[in-house]
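A short reminder: the numbers here are calculations on the coordinates, not readings from a lab. No experiment lies behind these values; they were computed from the predicted model shown. With ideal geometry, Cβ positions are generated from the backbone for all residues, glycine too; neighbour counts draw on all protein chains shown.
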Amino acid sequence: MPLVTTTKMFKDAYEGGYAVGAFNVNNMEIIQGIVAAGKKLNAPLILQVSKGARAYANHLYLVKLVEAAVEESGLPIALHLDHGPDFETCKACIDGGFTSVMIDGSSLPYEENVALTKKVVDYAHAHGVVVEGELGQLAGVEDEVSVNAEDASYTNPDQVEDFVKRTGVDSLAIAIGTSHGAYKFKPGQKPQLRFDILEEVSKRLPGFPIVLHGASSVIPEFVEEINKYGGSMPDAIGIPEDMLRQAATMAVCKINIDSDLRLAMTAAIRKHFVEHPSDFDPRQYLRPARDAIEGMVEHKINTVLGCAGKA
């Protein structure tokens with residue numbers, strides 16, 4: 001089976017009241033852990049690569065690793081560019097084997113966002129690739145994305161119909177209260193998703209797939225585990241998983257997960273070195289890291305996404 005686009009994934013997810021997980025990948029062990037969980041639960045997967053991941057691991061290496069995952073697992077897997085910053089990056093990924101790209105023009109004035117997104121859509125569709133656009137800005141920091149809280153903005157439902165019609169995007173990332181990175185909310189601050197905005201967007205775009213970025217839950221046990229083995233992460237509050245599950249039963253067809261994977265992997269590696277301080281074999285400390293990734297993805301598929309058995 002070759003890499004697939006997200007078109008059928010999203011149609012099935014919308015009709016079935018679940019979401020597909022979009023998991024950020026940076027190396028072989030992360031890919032293997034994600035795919036092992038997907039294979040175990042027979043779940044479709046989106047493996048997504050940021051600008052930072054391409055710079056770190058090399059575009060070609062990542063494409064070949066994901067292609068190997070498809071061949072080994074037999075799962076429907078889409079390879080997606082996360083937060084493409086410009087047309088040139090999107091074009092390189094389209095030409096280089098990706099089946100889906102995101103162009104993030106959310107920081108631009110509306111008309112400039114429309115023009116840039118349409119330019120990417122025109123090129124992508126001519127090459128059989130689908131495109132995700134974005135309206136509204138999420139606060140937080142993750143890889144190349146950095147938005148101050150005062151600059152964050154909810155998606156304006158009044159713009160979504162015009163944006164989708166004029167650009168031709170295949171899915172739309174919206175801002176309803178999620179946030180990039182591990183430090184989403186301060187202790188005592190109550191996270192809340194704006195389901196009223198999501199409902200209004202879905203009314204204006206019936207049947208159209210919506211995407212949530214910044215949707216890691218920052219599971220406290222992993223923060224505690226990191227701190228237990230020598231870390232100094234402050235308390236962090238993420239998006240409650242029951243809120244994300246509710247969004248997945250609505251118009252949200254793709255939920256992005258990155259920080260939770262990083263926390264699980266880092267906790268496993270720290271624990272290994274404390275328990276085995278003389279170990280210097282990467283195979284020994286990356287094996288539990290890979291297992292932690294697998295466990296986290298399995299948890300997300302069952303608890304948040306609801307896409308087990310949907311491959």
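Values as computed for the structure displayed
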quantity	calculated
Candidate lysines - alpha carbon under 28 Å from Lys40, same-chain residues fewer than 8 apart omitted	Lys8, Lys11, Lys64, Lys254, Lys271, Lys300, Lys310
Convex hull volume per residue in cubic angstrom - Cα atoms of the stretch 1-115	109 Å³
13 Å beta-carbon shell around Tyr18, net charge (K/R +1, D/E -1)	+3
Neighbourhood net charge (10 Å Cβ-Cβ; Lys/Arg +1, Asp/Glu -1) for Lys40	-1
Residues with amide H under 5 Å from that of Asn42, placed H, sequence gap 5 or more	Gly309
